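In what follows, a single structure is set out as structure tokens and then discussed.
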Amino acid sequence: MILDGKKMAELITIRVAKEVADIEEKITLSLILVGQDPASLIYINKKQKACEEAGIIVDEHFLDDNITQKELLKIISECNNNSKIHGILVQMPLPSHIDADIVLNSINPNKDVDGLNIINQGKLLAGMETIVPATPKGVITLLKKNYIDIAGKNVVVVGRSRLVGKPLSLLFLQNNATVTIAHSKTVNLKEVTKRADILAVAVGIPNFITADMVKKDAVVVDIGINKVEGKLVGDVKYSEVSEIASYITPVPKGIGPMTIASLLENVLICYQIQKRLSD
Ligand code: NDP
């Protein structure tokens, strides 16, 4: 069965839009893009469009490739100190002359809609309530909304990035799964992935997971977004894995839209945190 991320994302967007409409203040997200990376431009456009649909105002900062780190930090500091800005997102990757860690950690944790600030990541590790990165959050939401049990399941996450693999593994653990994290140094990957009741893949290699690596009736979550000959494909070889999986997310229309919808939820959460703090 196909896990339709697009439909679920539409429902979430409608719910967020209703909540936003009920709030008198204009909820505002600062979107910061450095340079003209084509993939980043696509992601930023999608985020902008989704914000518009949900009634969230976008405060755009499209900055030149050669902006200095100091100048970028100044812009973030202004957004941090502006009470009319409720969320801040710096599109990754940043040019190599800028230290992404310093930039991410300069964002006020209460405005950190991507959940990548070290404070929010630390809270996630500690199992505290926090702002969870949008992609892993979208994965868990999609599974839960489709009534897929996570507790007690053998979950294998392939990929251990700060953005996807690590936070996703922690979320599965919080949901009482038995979690294995695989990566480029994993030996006998196939043996590991074959044990998975739920297999989540965030590697960035097109069609990397083939049917022989998947247990029959496993739930397969494909987070990868790769372009092959002008077409978007995931990290999972959909044509053959969909034959043996009980549930599978497609690419596109799977985790991509869920990520955007989860971002909208995070903007609303950031607004609510700041409202609580100012009341
Ligand atoms: P990274 O490049 O940061 O991480 C890739 C991970 O895959 C690393 O942990 C790496 O291991 C692991 N890996 C690489 N090669 C292998 C291999 N041969 N066997 C096992 N593991 C391997 O990527 P991201 O996590 O940022 O993104 C992963 C994918 O998800 C990309 O396609 C990206 O476009 C997509 N993505 C999709 C989003 C969405 O909205 N749907 C959002 C964000 C990302 P190691 O750590 O050892 O190097």
| remark: For Pro109, the net charge from surrounding residues (Cβ-Cβ under 15 Å; K, R +1; D, E -1) works out to -1
| task | Report the residue, chosen from Leu41, Leu29, Leu163, that carries the largest GNM mean-square fluctuation when the chain is represented by alpha-carbon nodes joined by springs under 10 Å. | result | Leu41
| remark: The whole-number value in µm²/s of the Stokes-Einstein translational diffusion coefficient for the stretch 25-110, with Rh from the Kirkwood sum over alpha carbon pairs at 25 °C and 0.890 mPa s, is 185 µm²/s
| What do you get for Rg/Rh over the stretch 7-65 if you use C-alpha atoms and the Kirkwood form of Rh? | 1.05
| remark: For Val179, Val220, ascending order of other Cβ atoms within 10 Å (fewest first) is Val179, Val220
| task | Give the cross-link partners of Lys47 among the aspartates and glutamates, using a straight C-alpha distance below 16 Å as the criterion and excluding same-chain residues fewer than 8 apart. | result | Glu10, Asp37, Asp59, Glu60, Asp112, Asp114, Glu265
| field | In nm, spacing of pseudo-spin labels at Ser246 and Met92 (7 Å Cα→C-beta vector) | value | 3.2 nm
| field | Ascending count of other beta-carbon atoms within 10 Å, so fewest first, for Leu264, Leu277, Leu89 | value | Leu277, Leu89, Leu264
| request: For the stretch 73-85, take each phi angle, set θ = phi - 60°, evaluate the Karplus expression 6.51 cos²θ - 1.76 cosθ + 1.60, and give the result in whole Hz per residue in order, putting x for glycine and proline. | output: 4, 5, 5, 5, 4, 4, 5, 4, 8, 8, 5, 7, 9
| request: Among DSSP beta bridges whose residues both lie in the stretch 102-250, state the antiparallel percentage, nearest 5. | output: 15 percent
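Determine the calculated [θ] at 222 nm for the chain from helices alone, applying -39500 (n - 2.57) to every DSSP H run no shorter than 4 residues and normalising by the residue count; nearest 500 deg cm²/dmol.
It comes out at -13000 deg cm²/dmol, rounded to the nearest 500.
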| Reachable lysines from Lys190, Cα under 30 Å, same-chain residues fewer than 8 places away excluded? | Lys6, Lys137, Lys144, Lys145, Lys153, Lys166, Lys215, Lys216, Lys227, Lys231, Lys237, Lys253
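Over the stretch 134-257, what per residue volume does the convex hull of the Cα atoms give, in whole Å³?
96 Å³
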| task | Provide Phe62, Phe208 in ascending order of the number of other Cβ atoms located within 10 Å of each residue's Cβ, fewest first. | result | Phe62, Phe208
| said: I need the fraction of alpha carbon pairs in the chain separated by more than 28 Å, rounded to a whole percent. | reply: 36 percent
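Coordinate-derived values only; no laboratory data. Worth saying up front: this structure is predicted, and the values here are computed from it rather than measured. Glycine also receives a Cβ, built like all others from the backbone with ideal geometry; neighbour counts cover every protein chain displayed.
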